[in-house]
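Below is one structure, written out as structure tokens; the observations come after it.
The values are calculated or read from the model by the stated rules, or taken from the named source; none is laboratory data. Just so you know, these numbers come straight off a predicted model, no measurement behind them. Note: ideal-geometry Cβ built from the backbone for every residue, glycine included; neighbour counts use all protein chains shown. Surface areas here come from the heavy atoms of the whole protein model, side chains and all, with no ligands, DNA or RNA. Shrake-Rupley method; radii C 1.70, N 1.55, O 1.52, S 1.80 Å.
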Amino acid sequence: MATSVRARNGGSPSPDAPPSPAPRPGTARSGSARRARFYRWDLKATPYLFVAPFFLTFAAFGLFPLLYTGWLSLNRVELGGDPQWKGLENYSDLATSEFFWNALANTFTIGLISTVPQLLMALGLAHLLNYRLRGRGFFRVAVLAPYATSIAAATLVFAQLFNTDYGLINSALGWVGFDPVDWEASKWPAQIAISAIVIWRWTGYNALIYLAAMQAVPQDLYEAAALDGASRWRQFLSVTIPSIRPTILFTVIVSTIGATQLFGEPMLYGGSVGISGGSGNQFQTLSLLMYEKGWVTGALGQASAIAWVMLLLLLLAGGVQSLVARSHRKKLGG
């Protein structure tokens with residue numbers, strides 16, 4: 001009896017007590033297998049759990065609106081009414097609409113006369129900032145100030161500058177002997193004025209992108225070119241431009257997307273007739289036409305069709321630029 005009490009109190013067990021059961025080998029192996037499976041599952045699934053919020057947000061606010069807009073483009077949808085299936089009728093109506101072709105032409109011309117000078121000026125500005133200048137840090141910050149300015153403030157200032165009656169631009173033209181220009185009612189002057197706003201806002205932003213790419217170019221290339229007798233202009237053409245060509249292609253793509261979606265500048269510049277792109281639709285872009293169809297006339301189906309046409313145009317432009325970049329890479333590889 002004393003031996004049993006000692007065993008219960010932590011002493012030596014009784015010789016007559018049965019031995020404690022040993023762990024089963026199968027149980028230990030199954031526990032190790034479960035831990036190994038959990039570890040493998042954790043290793044594979046954890047990265048997807050980390051990126052899941054992005055994909056869920058994109059599906060809710062990006063993919064679903066895109067698909068829903070595509071479905072609306074195949075229906076006749078009025079504000080407050082039920083959709084009526086029309087198939088491709090909205091797209092065929094666009095093909096015969098003079099307003100659509102006018103907006104498409106305006107989008108192309110405004111995008112062309114704003115993007116090309118903008119990127120060329122940004123390239124030259126970045127080349128100047130790439131050298132050691134006094135106050136270089138200040139200039140790098142200053143070129144980004146227009147980008148930080150709101151669209152409304154910038155457009156209102158430029159609308160005053162290009163005012164037909166008392167604008168500073170017409171006053172300067174009068175000082176040198178030119179007649180005043182109607183910067184709003186005339187087609188090309190209005191598009192040039194809107195392009196000037198876009199150029200002013202985005203040149204510094206693109207210049208900083210080019211500057212970052214230029215600073216990554218190895219200095220050995222410039223030293224080798226200088227030893228061969230190349231001037232700074234020749235170094236810029238033969239060393240800098242080929243080295244930052246991928247960055248240039250990136251800015252071309254981004255600027256093309258921005259030009260296709262141009263909305264705020266022409267709408268604010270036109271004032272009361274900004275939504276229609278002026279009194280004669282002389283600077284109405286595709287974005288303005290889409291807004292007018294959807295929220296002024298209430299034709300959401302036609303507005304959705306315009307949105308999908310804009311998407312297809314962007315995909316086409318991106319595909320063409322990708323083919324150009326691929327052919328260039330093949331030439332370099334050959």
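Of all residues in the stretch 170-186, those being acidic (Asp, Glu) and open to solvent by less than 100 Å² (accessible area, probe 1.4 Å) number 2. Of the helices (runs of 4 or more DSSP H) contained entirely in the stretch 231-334, those carrying at least 1 residues that are closer than 30 Å to Pro218 by Cβ and open to solvent by 40 Å² or more (accessible area, probe 1.4 Å) fall at 232-235, 245-260, 300-333. Taking first residues from the stretch 224-241 that are without any contact (Cβ under 8 Å) to a residue 12 or more places away in the chain and partners that are open to solvent by 40 Å² or more (accessible area, probe 1.4 Å) and aromatic (Phe, Trp, Tyr), the Cβ contacts under 9 Å between residues at least 6 apart in sequence or on separate chains come to Arg232/Tyr131. Scanning the stretch 214-230 for residues that are exposed (fewer than 13 other Cβ atoms within 10 Å of the Cβ) and in a helix (DSSP H, G or I) yields Gln215, Gln219, Asp220, Glu223, Leu227.
State all residues of the stretch 75-132 that are open to solvent by 80 Å² or more (accessible area, probe 1.4 Å) and either aliphatic (A, V, I, L, M) or in contact with a Gly (Cβ under 7 Å, 6 or more places away or on another chain) (or both); if no residue qualifies, say none. Result: Arg76, Leu79, Leu88, Leu112, Leu120, Met121, Leu128. The residue of the stretch 133-166 that is most open to solvent (accessible area, probe 1.4 Å), among those that are farther than 17 Å from Ala190 by Cβ, more than 20 Å from the chain's Cα centre (by Cα) and of a type outside the set (A, V, I, L, M, F, W, C), is Arg134.
Mind listing whichever residues of the stretch 110-169 are polar (S, T, N, Q) and part of a loop (DSSP other than H, G, I, E, B)?
First, pick out the residues of the stretch 110-169 that are polar (S, T, N, Q): 114-115, 118, 130, 149-150, 155, 160, 163-164.
Passing the criteria: Asn130, Thr149, Ser150, Asn163, Thr164.
Starting from residues that are of a type in the set (Ser, Thr, Tyr) and out of contact with any helix residue (DSSP H, G or I) (no Cβ under 6 Å at 6 or more places or on another chain), keep the ones in the stretch 54-91 and report whichever is farthest from Glu292 (Cα to Cα).
To start, the set of residues in the stretch 54-91 that are of a type in the set (Ser, Thr, Tyr) comprises 57, 68-69, 73, 91.
Going one step further and asking which of them are out of contact with any helix residue (DSSP H, G or I) (no Cβ under 6 Å at 6 or more places or on another chain), we end up with 57, 68.
Numbers: Thr57: 29, Tyr68: 20 Å.
Per the stated criteria, the residue is Thr57.
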